[in-house]
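Nothing in this text is a laboratory measurement; each read-out follows from the coordinates by a stated rule. Note that the coordinates shown come from a computational prediction; the quantities given were computed from them, not determined experimentally. Methodologically, a virtual Cβ is constructed for each residue, glycine included, from the backbone with ideal geometry; neighbour enumeration extends over all protein chains shown.
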Amino acid sequence: MDDPDSTDKTRSKTLADRAALEQILGHSLADRLWPSEAMALGTPVRVIQDPEWGGPWAREFFGVIDDTAPPELIASPKAQPGEFTYFVRFNEPELDRDGDGPYRKAMIWGRYLLQVGTRRDH
């Protein structure tokens with residue numbers, strides 16, 4: 001059973017993160033809907049490294065899809081067709097490939113996320 005105090009603290013941090021992000025963006029995220037094609041909120045994931053350059057994280061680790069902001073399609077020529085960015089809350093604070101951090105969550109491109117329990121996650 002989840003600890004209610006822990007759940008309340010996590011929710012409070014998420015709301016604070018969303019408020020900070022809205023300040024940076026200059027607009028509210030309240031009207032943004034969760035895309036039906038995206039991984040669901042709360043999906044457990046493994047964050048993987050890119051085999052070609054060993055990044056963007058120092059190691060592979062686990063987290064969960066977070067609702068700081070809904071997933072967005074990536075508008076970059078380097079994105080895969082239909083690729084989303086997701087906010088991921090990490091199970092433990094993590095360092096990026098350059099040694100910066102530790103971070104407790106980040107926006108991550110979908111290609112670096114594997115749903116826990118899928119065949120590719122072994």
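Brief remarks on what is shown
- Mean projected area (nm²) of the alpha-carbon convex hull when the range 31-121 is viewed from all directions: 6.3 nm²
- Rough spin-label spacing in nm, given labels placed 7 Å along Cα→Cβ, for Asp31 and Ala75: 1.6 nm
- Taking 7 Å steps out from each Cα toward its Cβ at Leu95 and Met107 produces label points 2.6 nm apart.
- Per-residue extension of 0.36 nm, minus the Cα-Cα distance of Val116 and Asp50, leaves a gain of 22.0 nm for this segment.
- Using θ = phi - 60° and Karplus 6.51 cos²θ - 1.76 cosθ + 1.60, couplings along the range 29-46 (whole Hz; Gly, Pro as x): 9, 4, 8, 7, 9, 6, x, 5, 7, 7, 4, 6, 3, x, 5, x, 9, 10
- Sequence-distant residues sharing a close amide H with Val45 (under 5 Å, placed H): Gly63, Val64, Ile65, Val116
- Spin-label pair Phe62-Ala16: with each label point 7 Å from Cα along the Cα-Cβ axis, the two points sit 2.6 nm from one another.
- A simple count of charges around Leu25, restricted to other residues whose Cβ falls under 11 Å of its Cβ and scoring Lys, Arg +1 and Asp, Glu -1, yields +1.
- The chain - mean residue ellipticity at 222 nm from DSSP helices (-39,500 (n - 2.57) per run, n ≥ 4, rounded to 500): -6500 deg cm²/dmol
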